[in-house]
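What follows is a short report on a single structure.
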Amino acid sequence: MTETPPEALTSDPAAPQIAQSLAEIRVKGRGLFSRALVMVNGDLSFDEEHSYRTPIAGARSGGTTRYSLAESKDDGRGYQGRVDKAQARMSKQDSEVAVLQETWDWIEALHSSFPDGAHIRVVVVGNIGPCTGCKARLELFRQDLIGLFGAGRVIVESVYDTKQMFMTKNYEEKYEDYETGTTSTVSTTYGYEFATVETYQPPNAPQSVSYWLYQVG
Ligand SMILES: [Zn+2]
């Protein structure tokens, strides 16, 4: 076994928390799970005042919420101009929808207590990269944070540990539009084509941990 050379290891101070979240998600077994790590001004205490670790959510954790992209009532927050309607509908109960809602609720409740000019970093950690619909949700979420914190003060990242950086799946004839009764082929890509690999060496562990990381926006 070869050791990872020190210069190839990540210098991200949040890497231990990211690796721990990936491990906690892995023991959940089959299914798609995610959680967010939210850090104000780089805080890593996760004391729920300066930084926050959401619960791990599975699919169907949340229905029509702020980030469903399927609520047409919500002006400017729908799928239109972002993804296909089918794409948004088939993914509207993905774990990320619940995680982004939980993250937004925490930020909104505590925002007034953050120092002026605060920076925020949100890492959405999952066992598979976000689908095409959830990529659009992450972008919408990032825009919300920019509205709150200002441009240049927001980092939103996606982390996952599948073998492949990204994979495309075609769901043929499986998606039925319940309004029109038509079926369509939906192609969705999990993960990001231009993610980078991050490698973290836990202290006293025999092997390093590697994962994909992509900065949204
Ligand atoms: Zn998704």
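Data overview
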read-out	value
Virtual spin-label span in nm between HIS111 and TYR171, 7 Å along Cα→Cβ	3.1
Heavy-atom SASA rank of ARG153, ARG137, ARG66 (probe 1.4 Å, accessible area, largest first)	ARG153, ARG66, ARG137
Accessible surface ranking that places the most exposed of TYR79, TYR160, TYR200 first, with a 1.4 angstrom probe	TYR79, TYR200, TYR160
FRET efficiency for THR189 and LYS28, using Cβ-Cβ distance with R0 set to 25 Å, rounded to 0.05	0.60
Check: the chain dipole with +1 on Lys, Arg Cβ and -1 on Asp, Glu Cβ, in debye	460
Which of ILE155, ILE146, ILE107 is most accessible, then next, and so on - probe 1.4 Å	ILE155, ILE146, ILE107
Accessible area of PHE166 in the full protein assembly, 1.4 Å probe (Å², nearest 10)	80
Dipole of region 122-217, positive end: most advanced residue of CYS134, VAL122, MET167 [Cβ charges, Cα centre]	VAL122
Kirkwood Rh (inverse of mean 1/r, distinct Cα pairs), the chain, angstrom	18.1
C-alpha long axis of helix 132-149 to longest principal axis of the chain, angle in °	70
Computed helical MRE - 222 nm, the chain, DSSP H runs ≥ 4 contributing -39500 (n - 2.57), nearest 500	-7500 deg cm²/dmol
Contour minus Cα-Cα distance for THR199 and THR182 (0.36 nm per residue)	1.6 nm
Summed side-chain charge close to ARG26 - residues other than ARG26 whose Cβ falls under 15 Å, Lys, Arg +1, Asp, Glu -1	+2
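The values are calculated or read from the model by the stated rules, or taken from the named source; none is laboratory data. Just so it is clear, the structure is predicted and the values come from calculations on it, not from any experiment. All Cβ positions, glycine included, derive from the backbone under ideal geometry; neighbour counts span all protein chains shown. Heavy atoms of the whole protein, side chains included, go into the accessibility calculation; ligands, DNA and RNA do not. Shrake-Rupley method; radii C 1.70, N 1.55, O 1.52, S 1.80 Å.
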